[in-house]
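FYI, it's all coordinate maths here, none of it is from the lab. Predicted, not measured: the structure shown is a model, and the values here were computed from it. Here the Cβ positions follow ideal geometry from the backbone for every residue, glycine too, while neighbour counts run over all protein chains shown.
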Amino acid sequence: MSPLATPETIPSVEFRDPSTGTVLPLEATRPLGKDERCDALGSVPDKRGRLRPGSCGAEALVRAWIPRVGRPLLFCGHHFRGHEPKLLQIGAYIHDERVPTLAS
């Protein structure tokens, strides 16, 4: 019978930003959960159908980690496409769980 694993016996794994070599926090690399929602601002219909400012609220498929922000920014695929060029320009680490579509 093997002994139970303890924090001292489990090897640590570090994920590094490939462009800078910076060690990324676990929050930047873990899989996205189904309950995580897009942080992007958008227009949300109220009870009467009028558009009001709010957050998008769609399922998050992409996490952008910008070290100076200190927390991940979550995006649905639609909002990520709009922000992707700027995020890449400023050196954000991107964790993308969008499923690529096959050209027909």
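Observations
- Phi angles across region 92-99 convert, under the Karplus curve 6.51 cos²θ - 1.76 cosθ + 1.60 with θ = phi - 60°, into 3J(HN,Hα) values of 5, 7, 10, 10, 10, 10, 5, 8 Hz, Gly and Pro given as x.
- Distances between placed amide hydrogens fall under 5 Å for residue 24 paired with 15, 16, 17, all partners being 5 or more residues away or on another chain.
- Peptides ranked, highest mean first, by Cβ atoms within 10 Å: ranges 74-86, 20-32: 74-86, 20-32
- Summarising the label geometry, the points placed 7 Å from Cα in the beta-carbon direction at residue 36 and residue 90 lie 1.8 nm from one another.
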